[in-house]
Amino acid sequence: MAIKMACSSTLANSTVAISQPRSGALNSCASSSFRGGVQFECNARVVAVQRRGKFSHVCAQAADGGRGGSFSDLAVMVNDCSGKMGGSVAEAAIGAGLQLVPVCLTGPGMGRSFSIQGVNVEAVDSRHREGVIDHVLKEYPYVVVVDYTLPAAVNGNAEFYCSRGLPFVMGTTGGDSEKLIEDVLQSGVYSVVAPQMGKQVVAFQAAMSIMAEQFPGAFSGYKLQVIESHQSTKVDTSGTAKAIISSFQKLGLDFDMEEIEMVRDSKRQIEEMKVPEEHLNGHAFHTYRVVSPDGMVNFEFQHNVCGRSIYAEGAVDAVLFLAKKIRERTDKKLYNMIDVLREGNMR
Ligand code: NAD
């Protein structure tokens, strides 16, 4: 990940100067009291009073039921693209030809300016978020937010996006997931919530879940051993491991989540888990061993990820998926990564 720190200016208040070139100032086609996600409420009547231009085009697509058309006005705001995952998502979004909003929210006291692949980004202290979003919505009404922040910020950020009508992809793990889902459903905001965005890992997760549904108890009496290794800064247990273990439990294996073995020691990671040294600071290795009661039958499942690009690419797919759902004005508003996978038209 290449984040160059271009300068050290920090926005002291919520006044945001967005200087990045963009595709054109877009007008809202909703009432002035509506404070977010404005273009998604377009209808044929409103299109008729819009000036000619890209926004009318987007409205026309929405009114058209979302058939055809491009996402030329789609912008992606990545909170926090000064963080490790956010930076990777910002790079992937630019790589996919999407417009990166050159401002993001960051943790308290962490505001700064930097550059991502030639895009100068201003990371603004999240305490000034109302003002920041006022500006972003004005400049980039067709925006989808991606959140890769910290577990402690998940619910507060989701509540905020919901309150502002901002469609969002929540990649951050942790927080109160039931509350998150409740808030999204109540708000009617379009959202993809995915604690695991690696599409291939999600596909494996789904396959395990299908196996558990189809063959409950097939591994009764077998013993399960789970070992996972992540960068030493990850203090909590792998949520993906927990999801896969819940399928193993349905397959008849008796296993307590407390039994997951976490490896955070670099020596063990290199020698035992075979993590390449250059990925000690960013990897997710998982091994599940399933052994028959007499020890004569042994299964081993592994998913070992180095780096962050698999999650970043998945987040971009989720953004495109969400933009399509918004354009189609689907009744369903809350999605997960399996929904994204099922759509089947990923890049
Ligand atoms: P990081 O520490 O590098 O970055 C987090 C950033 O969030 C920091 O820069 C911090 O200042 C900022 N932040 C804190 N509070 C904020 C707030 N209220 N608003 C905006 N920004 C705020 O962490 P990371 O390695 O990038 O990981 C971020 C999250 O992504 C973690 O929860 C991690 O578990 C999760 N993750 C998810 C997936 C997935 O596939 N869904 C994959 C990898 C990591």
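Just so it is clear, none of the values below were taken in a lab; they were calculated from the coordinates. Just so we're clear, the structure is a prediction, and the values are computed from it rather than from any experiment. Ideal geometry is used to build each Cβ from the backbone, glycine not excepted, and the neighbour counts take in all protein chains shown.
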* Among 227-234, 82-89, how do they line up from the highest to the lowest mean number of other beta-carbon atoms within 10 Å? -> 82-89, 227-234
* Ranked by Cβ crowding within 10 angstrom, fewest neighbours first, how are 287, 149 ordered? -> 287, 149
* Structure fact -> Expressed as a whole-number percentage, the relative contact order of the stretch 260-307 with C-alpha contacts under 8 angstrom and at least six residues apart is 31 percent
* To do: Project the alpha carbons of the stretch 199-306 onto their principal axes and report the range along each, largest first, in whole Å.
  => 40, 31, 21
* To do: Can you bin the stretch 107-210 into rounded, prolate or oblate? Criterion: square roots of the alpha carbon gyration tensor eigenvalues sorted a ≥ b ≥ c, rounded for a/c under 1.5, prolate for a/b above b/c, oblate for the rest.
  => prolate
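Among 321-332, 206-217, 167-178, 107-118, how do they line up from the highest to the lowest mean number of other beta-carbon atoms within 10 Å?
Those peptides, ordered most packed to least, come out 167-178, 321-332, 107-118, 206-217.
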* Count the lysine pairs in the stretch 199-306 whose Cα atoms lie under 25 Å apart, taking only pairs 8 or more positions apart in sequence or on different chains. => 13
* Asked: For the stretch 173-240 and the stretch 246-271, what is the separation of their Cα centres, given in Å?
  -> 14 Å
* Charge dipole magnitude, Cβ of K and R +1, D and E -1 - the stretch 199-306, Cα centre, debye nearest 20 -> 260 debye
* Structure fact -> Output ordering of 187-200, 254-267 (per-residue mean of other Cβ within 10 Å, highest first) is 187-200, 254-267
